Amino acid sequence: ELKVEQNPLFLSMQEGKNYTIYCNYSTTSDRLYWYRQDPGKSLESLFVLLSNGAVKQEGRLMASLDTKARLSTLHITAAVHDLSATYFCAAIQGAQKLVFGQGTRLTINP
Amino acid sequence: KAGVTQTPRYLIKTRGQQVTLSCSPISGHRSVSWYQQTPGQGLQFLFEYFSETQRNKGNFPGRFSGRQFSNSRSEMNVSTLELGDSALYLCASSLAVSSLGSGDTQYFGPGTRLTVL
């Protein structure tokens, strides 16, 4: 059974710093997703990674995928307060079944 | 293009009652998935429908059921509500051209927050 684990689960950082969220998954998955969730809101799609070595960037966020290590990372560069949110990674199992990690609650302090 | 819509947004029920939640996918999307989000269990997959057929089901009791209509709109039903069913129920839609799509993203609706008293 596919399991997805994120770390850290909580992250408090200062504006301007860099940090990385890690996402490990236990079995082969065809694609890996990153979502953002603000308090009381739904999930916003950030990235979908399809193949080994895939890298995608949007603003201060960059996601990468290593299928051999079953590891994806979400790197935050020069963090700003607006990036405070909970970030989820999810791997896919079968037809459209997303298996989510526990989420990383990111707080960026001025 | 309108996003995924869910109704109602908030719902309060008592134990033993049943509830029906509705989801309208993005126009042209044929797959609708349902997820339950709770502080303790996180985000868990309930089921997925494609062309009115349930293709996949999560590990939830039979009290949780769903269906999809010919226009791709979907409903989920929870019977004999329990306190533990209190959660945010999220619906997601995708094109799902094939089961192994090329980057087929699931887009989530705003959710229905269900409180069971």
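General observations
- The strands (runs of 3 or more DSSP E) falling completely within chain B that include 3 or more residues that are under 19 Å from A:W34 (Cα atoms) and not β-branched (V, I, T) map to B:31-38, B:42-50, B:87-94.
- Qualifying residues in the stretch B:11-39 (those that are over 19 Å from B:R55 (Cβ atoms) and within 11 Å of chain A (Cβ to nearest Cβ)) - the one surrounded by the most Cβ atoms within 10 Å (Cβ to Cβ): B:Q37
- Restricting attention to the stretch B:23-56, the residues being among the polar types (S, T, N, Q) and closer than 18 Å to A:E1 by Cα number 3.
- Considered as a group, the residues in the stretch A:62-100 that are at the interface with another protein chain (Cβ under 10 Å from one of its Cβ atoms) and free of Cβ contacts under 8 Å to residues at least 60 places away in the same chain include one that is nearest to A:F10 (Cα to Cα), and that residue is A:K97.
- Residue that is farthest from the other protein chains (Cβ to nearest Cβ), among those in the stretch A:18-55 that are buried (at least 21 other Cβ atoms within 10 Å of the Cβ) and among the hydrophobic types (A, V, I, L, M, F, W, C): A:I21
- Taking the stretch B:55-92 as the range and being under 12 Å from the mean Cα position of the chain (by Cα) and at pLDDT below 95 as the test, the residues that pass are B:K57, B:G58.
- Output for the stretch B:97-117, where each listed residue is modelled with pLDDT of 85 or more and more than 7 Å from every other protein chain (Cβ to nearest Cβ): B:T112, B:R113, B:L114, B:T115, B:V116, B:L117
The values are calculated or read from the model by the stated rules, or taken from the named source; none is laboratory data. This is a predicted model, so every value here is computed, not measured. Because the Cβ atoms are built from the backbone with ideal geometry, glycine has one as well, and the counts that use them run over all protein chains shown.
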